[in-house]
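S.K.: Got a structure for you, written out below as structure tokens; questions coming shortly.
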Amino acid sequence: MKTVWVLGAGFTGQAVVSELVRRGDRVLATSRTAEGAAALTALGAEGVVWQAPDPLADIHADAAIVLFPPRGLDPALVAACLAAVPRLVYCSSTSVYGNQGGEEVTEETPTAPESPWSVARVEAEDALRIVGAMIVRAAGIYGPGRNILERHAAGQLRHAGDPERPVNLIHVDDLAGLLIACVDQGRPGQVYLGATGRPVPWSALAEVAVQRVGRPLPAYETVPQDPNVAMFSRESKRCFPTRFAELGFALRYPDTLAVLRELPIP
């Protein structure tokens with residue numbers, strides 16, 4: 001049994017907590033609110049109200065998984081809070097690669113962040129790798145409760161950019177499994193790419209959403225000016241992970257379109 005901190009346990013963090021609890025680990029999981037901490041306790045963790053970079057009362061643990069975004073934080077202070085943890089995993093984003101013009105991306109591809117959020121991700125990666133963190137660069141995270149079907153049903157789907165651009169995704173349960181595999185088998189300082197390795201054209205995702213929800217796409221719009229929002233419509237890359245085998249990890253949901261055809265619609 002390990003003692004594991006899950007820092008910033010939102011959508012992905014709840015999946016991580018559930019899996020760690022299932023296998024019998026002691027889990028301490030943080031939320032910025034008392035309500036969020038109570039929800040984590042209901043999953044079997046010890047819910048803690050915390051927001052970085054406030055000091056944690058007890059960070060003596062076997063491992064920590066860092067899931068909160070770095071925006072507005074000093075990455076050196078965050079790293080200092082976690083430097084004593086022997087197994088540290090930071091969940092970053094494939095946005096750190098910027099726009100690759102549809103070209104292939106692996107763990108070895110140099111980062112080229114173009115938005116302020118992505119720049120902050122790279123700065124956080126660099127600071128945490130100094131203290132031994134493993135880096136998981138996650139593609140778009142989806143699953144029950146967060147997916148293109150729900151956005152379309154709620155009228156929140158944005159139709160902008162090249163509809164044939166490749167979209168890289170990973171199911172939330174697969175990302176949770178990858179993060180935990182890093183805790184168990186990852187190499188300190190190593191980068192792991194969290195994606196299915198099967199990029200899907202945005203148009204194919206949209207077609208499934210239209211069929212399942214039963215409403216047409218919204219009107220086409222120009223790409224937003226805000227660079228942090230624009231990156232979702234403008235950036236184009238094809239992500240191919242190469243290091244799953246060294247972790248003994250395999251995807252449960254490699255076929256995104258097949259999963260979307262089965263997910264419930266609210």
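S.K.: Quick one: which of Thr196, Thr242 is assigned to a loop (DSSP other than H, G, I, E, B), in contact (Cβ under 8 Å) with a residue 60 or more places away in the chain and over 27 Å from Pro264 (Cα atoms)? Steps first, answer last, please.
M.R.: Numbers: Thr196 fails: over 27 Å from Pro264 (Cα atoms).
Step by step, each of Thr196, Thr242 is checked, and only Thr242 is assigned to a loop (DSSP other than H, G, I, E, B), in contact (Cβ under 8 Å) with a residue 60 or more places away in the chain and over 27 Å from Pro264 (Cα atoms).
S.K.: May I pose another question? For the range 175-187, indicate whether the set of residues that are closer than 22 Å to Glu246 by Cα, out of contact with any helix residue (DSSP H, G or I) (no Cβ under 6 Å at 6 or more places or on another chain) and open to solvent by 40 Å² or more (accessible area, probe 1.4 Å) is non-empty.
M.R.: Within the range 175-187 (the criterion being closer than 22 Å to Glu246 by Cα, out of contact with any helix residue (DSSP H, G or I) (no Cβ under 6 Å at 6 or more places or on another chain) and open to solvent by 40 Å² or more (accessible area, probe 1.4 Å)), the answer is yes, since at least one residue qualifies.
S.K.: If you don't mind, another one. Could you check the range 199-239 and list, in sequence order, the residues that are assigned to a loop (DSSP other than H, G, I, E, B), among the basic types (Lys, Arg) and either under 17 Å from Leu260 (Cα atoms) or out of contact with any strand residue (DSSP E or B) (no Cβ under 8 Å at 6 or more places or on another chain) (or both)?
M.R.: Going residue by residue through the range 199-239, those that are assigned to a loop (DSSP other than H, G, I, E, B) are 199, 214-226, 235-237.
Next, only the ones that are among the basic types (Lys, Arg) stay: 215, 237.
Within the range 199-239, just Arg215 meets the criteria.
S.K.: Which members of the range 216-229 meet the condition of being closer than 28 Å to Ile265 by Cβ and surrounded by 13 or more Cβ atoms within 10 Å (Cβ to Cβ)?
M.R.: As a first pass, look at the range 216-229 and keep what is closer than 28 Å to Ile265 by Cβ: 216-221, 223-224, 229.
Answer for the range 216-229, where residues must be closer than 28 Å to Ile265 by Cβ and surrounded by 13 or more Cβ atoms within 10 Å (Cβ to Cβ): Leu217, Pro218, Val223, Pro224, Val229.
S.K.: Could you grab me the full set of residues in the range 250-266 that are touching a helix residue (DSSP H, G or I) at 6+ places or on another chain (Cβ under 9 Å), crowded, with 17+ Cβ neighbours inside 10 Å and part of a helix (DSSP H, G or I)?
M.R.: Thr256, Leu260
S.K.: Go through the range 147-175 and give me each residue that's in a loop (DSSP other than H, G, I, E, B), more than 12 Å from Phe232 (Cβ to Cβ) and under 19 Å from the mean Cα position of the chain (by Cα).
M.R.: Of everything in the range 147-175, just one residue is in a loop (DSSP other than H, G, I, E, B), more than 12 Å from Phe232 (Cβ to Cβ) and under 19 Å from the mean Cα position of the chain (by Cα), namely Asn147.
S.K.: What number of residues within the range 114-129 are among the hydroxyl-bearing types (Ser, Thr, Tyr) and farther than 23 Å from Gly186 by Cβ? Can you show your working first?
M.R.: The initial filter retains those residues of the range 114-129 that are among the hydroxyl-bearing types (Ser, Thr, Tyr), namely 115, 118.
Right, trim to farther than 23 Å from Gly186 by Cβ and you get 115.
Of the residues in the range 114-129, 1 are among the hydroxyl-bearing types (Ser, Thr, Tyr) and farther than 23 Å from Gly186 by Cβ.
S.K.: Right, next: Test of understanding: among Val96, Val85, which residue is under 15 Å from the mean Cα position of the chain (by Cα) and at negative phi? Give the steps one after another, and end with the answer.
M.R.: On the way: Val85 fails: under 15 Å from the mean Cα position of the chain (by Cα).
After ruling out the rest, the residue left standing is Val96.
S.K.: What is the one condition in (1) more than 13 Å from Ala139 (Cβ to Cβ); (2) open to solvent by 70 Å² or more (accessible area, probe 1.4 Å); (3) modelled with pLDDT of 95 or more that Ser203 does not satisfy?
M.R.: Here Ser203 meets the rest and fails (2).
S.K.: On to the next question. Return a yes/no flag: does the range 133-143 have any residue that is part of a loop (DSSP other than H, G, I, E, B) and in contact (Cβ under 8 Å) with a residue 24 or more places away in the chain.
M.R.: Taking the range 133-143 as the starting set, the residues that turn out to be part of a loop (DSSP other than H, G, I, E, B) are 133, 139.
Next, from what is left, pick out any that are in contact (Cβ under 8 Å) with a residue 24 or more places away in the chain: 133, 139.
Checked the range 133-143: at least one residue is part of a loop (DSSP other than H, G, I, E, B) and in contact (Cβ under 8 Å) with a residue 24 or more places away in the chain.
S.K.: Here's another thing I want to ask about it. Please enumerate the residues belonging to the range 73-107 that are touching an Asp or Glu at 6+ places or on another chain (Cβ under 9 Å), of a type in the set (Val, Ile, Thr) and over 23 Å from Phe244 (Cα atoms).
M.R.: Val85
S.K.: So in the range 10-25, with the set limited to residues that are open to solvent by less than 10 Å² (accessible area, probe 1.4 Å) and without any contact (Cβ under 8 Å) to a residue 60 or more places away in the chain, which one is farthest from the chain's Cα centre (by Cα)? Talk me through it step by step, then tell me what you get.
M.R.: Initially, the range 10-25 is screened for residues open to solvent by less than 10 Å² (accessible area, probe 1.4 Å), giving 13, 16-17, 20.
From the residues that got through so far, the ones that are without any contact (Cβ under 8 Å) to a residue 60 or more places away in the chain too are 13, 17.
Details: Gly13: 9, Val17: 14 Å.
Among them, the one singled out is Val17.
S.K.: Okay, next question. So, in the range 108-147, of the ones that are within 24 Å of Gln225 (Cβ to Cβ) and in contact with a Phe, Trp or Tyr (Cβ under 7 Å, 6 or more places away or on another chain), which residue ends up surrounded by the most Cβ atoms within 10 Å (Cβ to Cβ)?
M.R.: From the range 108-147, those within 24 Å of Gln225 (Cβ to Cβ) are 111-123, 140; that's our starting set.
Within this subset, residues satisfying the condition of being in contact with a Phe, Trp or Tyr (Cβ under 7 Å, 6 or more places away or on another chain) are 111-112.
Working: Thr111: 18, Ala112: 13.
Residue satisfying both the conditions and the ranking: Thr111.
The values are calculated or read from the model by the stated rules, or taken from the named source; none is laboratory data. Source: prediction; values computed, not measured. Methodologically, a virtual Cβ is constructed for each residue, glycine included, from the backbone with ideal geometry; neighbour enumeration extends over all protein chains shown. Protein only, heavy atoms only, side chains kept; ligands, DNA and RNA dropped before computing areas. Shrake-Rupley method; radii C 1.70, N 1.55, O 1.52, S 1.80 Å.
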